[in-house]
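The values are calculated or read from the model by the stated rules, or taken from the named source; none is laboratory data. Not measured: the values here are computed from a predicted model. Here Cβ is always computed from backbone atoms with ideal geometry, including for glycine, and neighbour counts include all displayed protein chains. To get the accessible areas, we keep the full protein, side chains included, count just its heavy atoms, and leave off ligands, DNA and RNA. Shrake-Rupley method; radii C 1.70, N 1.55, O 1.52, S 1.80 Å.
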Amino acid sequence: MTAFAAPEVAPASQPPAGRRGSLNKSLLSDTPPASTQRRSNLQDLFLVGLIDGDGCFSVSFLANKRILLGFHITGALTKSQLRLFFRVKRRFDQCGSITRKRGTSSKSYCRYQVDSFRDIKKCIVPFMDQHTLYTEKAIHYAKFKKVVDLIERKAHLNRSGFLEIVEIAYDMNQAGKRRKLTKEEYLQKYCSFDPKL
């Protein structure tokens, strides 16, 4: 995975021993840090690099054939990463959410994610259409955008359109290797249901 340097941020001073608890709480707060509110401008080229390195476009399915679209960027659970994600959220007109998971050092992470079809159409697609990705993420986005267009045209509501989306989705992100069911298993198990968005 390609690494990209984050924007320069003044190093944070080490908090006194009595304030370390408040620092941990700040990592779980939904309120953007004051410094983030003052510096909300994020260079688009940096954001493109961030997406190229740590972004993900996903298409998944529920048992009732409901299609779920998603876009997310994942990073380490640190104050600087959270500041960055709050700036990303501001760049995308406050679309999406920022989630955090605390665990062992290898399992803790924070994530900026957009799961709403309306927000993906409103914020993510216009940005991506105006900028070029340089890794295989460009191929992933092209397939993701095709699914968005098919859903926008309601093609997923007929059998041929839904099957086309399944074909595209299983060809994304390592050809579906991370999915619980293979394409054949999914179609065999759930193809009798009417697709719903």
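Computed values, structure above
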item: Sole exception among (1) of a type outside the set (Ser, Thr, Tyr); (2) surrounded by fewer than 15 Cβ atoms within 10 Å (Cβ to Cβ); (3) modelled with pLDDT of 95 or more; (4) over 27 Å from LEU77 (Cα atoms) for GLN94, by number; result: (4)
item: Scan of segment 183-195 for residues that are closer than 13 Å to LYS65 by Cα, exposed (fewer than 12 other Cβ atoms within 10 Å of the Cβ) and either basic (Lys, Arg) or modelled with pLDDT of 55 or more (or both), ordered by number; result: GLN188, LYS189, SER192
item: Hits in segment 57-81 (condition: modelled with pLDDT of 95 or more, more than 14 Å from PHE117 (Cβ to Cβ) and either in contact with a Pro (Cβ under 6 Å, 6 or more places away or on another chain) or of a type in the set (A, V, I, L, M) (or both)); result: ILE73
item: Subset of segment 70-83 [farther than 15 Å from ARG179 by Cβ, touching a strand residue (DSSP E or B) at 6+ places or on another chain (Cβ under 7 Å) and not polar (S, T, N, Q)]; result: PHE71, HIS72, ILE73, GLY75, ALA76, LEU77, LEU82
item: In segment 69-89, the residues that are under 15 Å from the mean Cα position of the chain (by Cα) and open to solvent by 10 Å² or more (accessible area, probe 1.4 Å); result: LEU69, HIS72, THR74, GLY75, ALA76, GLN81, LEU84, PHE86, ARG87, LYS89
item: Segment 97-108 residues that are under 15 Å from GLN81 (Cβ atoms), paired with ones that are open to solvent by 100 Å² or more (accessible area, probe 1.4 Å) and modelled with pLDDT under 90 (beta carbon under 6 Å, 6 or more apart); result: SER108/ARG102
item: Evaluation of TYR112 against (1) more than 24 Å from ARG179 (Cβ to Cβ); (2) among the hydroxyl-bearing types (Ser, Thr, Tyr); (3) in a strand (DSSP E or B) (one fails), failing number; result: (1)
item: Per-region count, segment 164-182, residues modelled with pLDDT of 80 or more and open to solvent by less than 50 Å² (accessible area, probe 1.4 Å); result: 6
item: Qualifying residues in segment 110-127 (those that are under 20 Å from GLY75 (Cα atoms), of a type outside the set (Phe, Trp, Tyr) and open to solvent by less than 80 Å² (accessible area, probe 1.4 Å)) - the one nearest to the chain's Cα centre (by Cα); result: GLN113
